[in-house]
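S.K.: To start, I am sharing the structure in question, which I have written as structure tokens.
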Amino acid sequence: MVTTTDDIERSEQTPLSKKLILLMSIACGMAVANLYYNQPLLADMGRTFHATAHQVSNIAMFTQIGYAVGMFIFVPMGDMQERRKLIVILLIAVTLSLIGVATAQDLLWINIASLAVGVTTVAPQIILPLAAQLAAPMERGKVIGSIMSGLFIGILLARTIAGFIGGILGWRTMYWLAAVMMLALAVILRTFLPKSYPEFRLSYPELYKSIGKLIMTQPILREASLIGAMLFGCFSLFWTSLSFFLEGEPYHYGSEVAGLFGLVGIVGVMGAPIVGRLADRFNAKAMVGLLIGISLLSYLFFGFFGTSLWALIVGVVLLDLGVQGAQVSNQTRIYSLIPEARSRLNTVYMVSYFLGGSLGSSLGGYAWNWWKWQGVCLTGGVMILIALIIWATHRTKE
């Protein structure tokens with residue numbers, strides 16, 4: 001029997017128990033939530049700083065740009081640094097960044113602090129390659145799906161919690177609480193997360209040069225990254241615009257109700273482990289195509305029936321299932337390419353993913369200012385169609 005890199009990895013690492021998977025899932029969800037607290041609170045922030053919808057939508061855009069920058073800087077280090085130590089340092093750094101948002105006195109301050117929050121909220125993208133390394137090859141999709149479920153639930157509950165706390169205690173209180181949670185999480189992971197030693201040694205110039213080589217030589221990585229960028233762009237566009245839509249006709253809802261839509265999306269997110277199992281058994285690219293179609297269907301509900309509450313609810317479920325399921329399938333695809341380069345592969349994918357998200361957040365502000373809800377739906381639909389074209393035209397062997 002030939003001993004593979006995966007076999008060596010598993011023999012040298014602490015077994016990936018159910019408790020450890022649960023801990024990683026919760027940690028990813030808690031950490032990634034920092035990126036999304038602002039979305040249901042944007043209207044409240046706008047009133048605090050006397051800003052327009054487009055101006056406050058830049059808060060979400062800067063957060064996502066910061067996340068892309070942070071992934072490019074820090075996530076590749078997971079292939080050459082001890083991951084637990086790196087995760088703890090980042091959690092302490094994001095604690096300070098969140099305090100910066102909570103104390104912001106003007107738009108410039110909160111934009112810079114939000115950028116810093118994004119840069120330092122990259123611990124989940126270091127935890128994920130660690131989980132992929134520890135998992136057996138035949139279970140990798142299932143494990144990634146389970147941890148991604150925790151991450152997705154964190155994304156959605158972030159909106160619900162932020163809307164509720166922001167509506168009652170104000171948006172600044174939400175960020176003070178987030179800072180306390182990140183500091184506590186740093187202590188917990190320092191205690192229970194296993195160490196993960198680097199698999200090889202590279203200098204930093206060599207490390208980042210190798211990322212460019214991966215982009216040039218891995219067509220599956222390029223395809224998955226472009227599709228991920230467009231899908232997360234349409235996802236961010238919707239959630240950035242939703243609070244403005246719900247404030248007006250025919251709903252007249254506040255930030256609390258905008259946040260409650262995050263709970264609706266959990267129904268779609270619960271399908272992520274199922275998608276992961278299907279990606280293990282069937283062609284992952286075919287799964288991506290199906291999930292792109294589900295995402296497009298969600299925008300048809302938003303565009304044609306968005307003034308009906310039932311259509312918004314159905315659309316949110318479909319959007320979360322489509323976008324998050326496609327991410328699980330795409331990450332299953334790229335983690336199988338080069339096992340010893342999983343952190344760098346994840347860097348390329350997730351940097352693209354969040355650059356697409358920042359584009360969607362910015363376009364959401366413009367579309368709302370110019371054409372209101374129909375403009376938002378048209379713009380999101382176009383981004384999904386671009387993803388579908390990329391999927392259909394790229395020929396990759398898997």
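Computed from the coordinates by the stated procedures, all read-outs in this text should not be read as laboratory data. Keep in mind that what you see is a predicted model, and the values were worked out from it rather than measured. Note that each Cβ is placed from the backbone with ideal geometry, even for glycine, and that neighbours are counted across all protein chains shown.
S.K.: To the nearest 20 debye, what is the magnitude of the charge dipole of the chain about its Cα centre, counting +1 on the Cβ of each Lys and Arg and -1 on the Cβ of each Asp and Glu?
M.R.: 560
S.K.: Once every DSSP H run of n ≥ 4 in the chain is given -39500 (n - 2.57) and the sum is divided by its residues, what mean residue ellipticity at 222 nm do you get, rounded to the nearest 500 deg cm²/dmol?
M.R.: -27500 deg cm²/dmol
S.K.: Just to check I understand the Karplus step: with θ = phi - 60° and J = 6.51 cos²θ - 1.76 cosθ + 1.60, what whole-Hz values come out for the stretch 226-237, glycine and proline as x?
M.R.: 5, 4, x, 4, 5, 5, 6, x, 5, 5, 5, 4
S.K.: Right, another one. State the percent of C-alpha pairs, over all pairs in the chain, separated by a distance greater than 29 angstrom.
M.R.: Tail of P(r) above 29 Å: 38 percent of Cα pairs.
S.K.: Using packing as a proxy for protection, rank 378-388, 224-234 so that the peptide with the highest average count of other Cβ atoms within 10 Å comes first.
M.R.: Ranked from most to least packed, the peptides come out as 224-234, 378-388.
S.K.: Right, another one. What is the order of Asp320, Asp44, fewest Cβ neighbours within 10 Å to most?
M.R.: Ordered from fewest to most neighbouring Cβ atoms within 10 Å, Asp320, Asp44 come out as Asp44, Asp320.
S.K.: Quick one: Cα convex hull volume of the stretch 118-212, Å³ per residue?
M.R.: Dividing the Cα hull volume of the stretch 118-212 by its residues yields 149 Å³.
S.K.: So how strong a dipole does the stretch 137-245 carry about its Cα centre when Lys and Arg Cβ are +1 and Asp and Glu Cβ are -1, to the nearest 20 debye?
M.R.: Charge dipole, the stretch 137-245, about its Cα centre: 180 debye, nearest 20.
S.K.: Using only the alpha-carbon atoms, how far is helix 107-120 inclined from the longest principal axis of the chain? Give it as 0 to 90 degrees, nearest 10.
M.R.: That works out to roughly 20 degrees.
S.K.: Using the charge dipole of the chain (Lys, Arg: +1 at Cβ; Asp, Glu: -1 at Cβ; taken about the Cα centre), state which of Tyr349, Ile338, Ile112 has its Cα farthest towards the positive end.
M.R.: The listed residue farthest towards the positive side: Ile338.
S.K.: Also, I was wondering about something else. Return the sequence-ordered ³J(HN,Hα) values of the stretch 47-61 in whole Hz as given by the Karplus equation 6.51 cos²θ - 1.76 cosθ + 1.60 applied to θ = phi - 60°, using x for Gly and Pro.
M.R.: 5, 4, 9, 6, 10, 7, 4, 5, 5, 6, 5, 5, 4, 5, 4
S.K.: If you plug each phi of the stretch 28-43 into the Karplus form 6.51 cos²θ - 1.76 cosθ + 1.60 with θ = phi - 60°, what whole-Hz ³J(HN,Hα) values come out, in order, with x for Gly and Pro?
M.R.: Each residue's phi maps through the Karplus curve to give 4, x, 5, 6, 5, 4, 4, 6, 10, 4, 6, 4, x, 9, 4, 5 Hz.
S.K.: Of Lys142/Lys285; Lys85/Lys213; Lys18/Lys85; Lys19/Lys142; Lys142/Lys195, which pairs sit farther than 20 Å apart, going by alpha carbon to alpha carbon? Spell out each step's value before the answer.
M.R.: Working: Lys142/Lys285 16 Å; Lys85/Lys213 28 Å; Lys18/Lys85 22 Å; Lys19/Lys142 15 Å; Lys142/Lys195 22 Å.
Beyond 20 Å: Lys85/Lys213; Lys18/Lys85; Lys142/Lys195.
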